[in-house]
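So the structure is just underneath, and the comments pick up after that.
Quick note: the coordinates plus some simple rules give every number you see, no bench work behind them. Just so you know, these numbers come straight off a predicted model, no measurement behind them. Heads up, the Cβs are rebuilt from the backbone with ideal geometry, glycines too, and the neighbour counts pull from every protein chain shown.
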Amino acid sequence: MVAPPSVPSERLTDWRQVSDTTETPFSAGGLTVSAGIRLYEDDRLRGTVRERTGLDRSWRFFLAARLELDPSPPVTGPLRRLVASRASRGFADRLGDRGFVDVDRAERRSLRVGDADARLFRYDARCRVDGVTLDVDGWLAVWAPDRAFRLAGGAYPTAVVGADGSAAEDVVETLETHIDPEAFRAELFELIRGTR
């Protein structure tokens, strides 16, 4: 069993841990990749929207994972690229599993996490809930501070971009009032940088 990475619990006071799992995302040719994954949802935003509209669902999430390879090869440039590429595709699949559509990897760059350089991926997506269409940003960082890789990322709504006749006015108004993409992004990056 792979222990998940430590996360900055002091920054997760308004979040709820919804899962703590161990998975084997890849096994072939004598190499097995095991992952310890923790998933959190923003409980404060969920509660606010639920109280004002009756709509109860997750609006933002954060995940942190530790990947261990068995046997444990040296962490080389090609291995970093392979793990980052697979993790990037897997994260896009997870966004789809969570109901996001039109998921597109929009950007790739570096991010400093502790003493390590992470590969950082940004995703554009859409989410449709109760007749409301939201733009969503997703981010995933992948790095190897030691012989185990770390993944940390999440997604959050950035704007209400449409509403059909079935959308309740209070849902649109509440979401427009409480969506703060700059604050959401800053908080997500603090969580990513605090993951060890």
Per the 1/(1 + (r/R0)^6) rule, R0 = 22 Å and r from the Cβ atoms of ARG196 and ALA28, FRET efficiency to 0.05 is 0.15
Describe numerically, in nm with one decimal, the distance between label points set 7 Å from Cα along Cα→Cβ at GLU51 and at ARG81.
5.1 nm
Extension gain from ASP146 to ARG98, taking 0.36 nm per residue of separation minus the Cα-Cα distance
14.2 nm
Quick check: Cα centre of region 118-172 to Cα centre of region 8-42, how many Å?
18 Å
Please list, in order, the residues from region 25-61 whose amide nitrogen is less than 17 Å from a point placed 7 Å along the Cα→Cβ vector of ALA106.
60-61
Check ASP137: other-chain or 5+ apart residues with amide H under 5 Å from its amide H, H built from backbone geometry?
TYR156, THR158
Please list 15-25, 30-40, 145-155 highest first by mean number of surrounding beta-carbon atoms within 10 Å per residue.
145-155, 30-40, 15-25
Full extension from ASP130 to ARG16: what is 0.36 nm times the residue separation minus their Cα-Cα distance, to one decimal in nm?
38.7 nm
State log₁₀ I(q)/I(0) for region 9-193 at q = 0.19 Å⁻¹ as given by the Debye formula over alpha-carbon point scatterers of equal weight, solvent excluded.
-1.30
Calculated FRET efficiency for the pair SER72/GLU169, C-beta based, R₀ 45 Å, to 0.05:
0.20
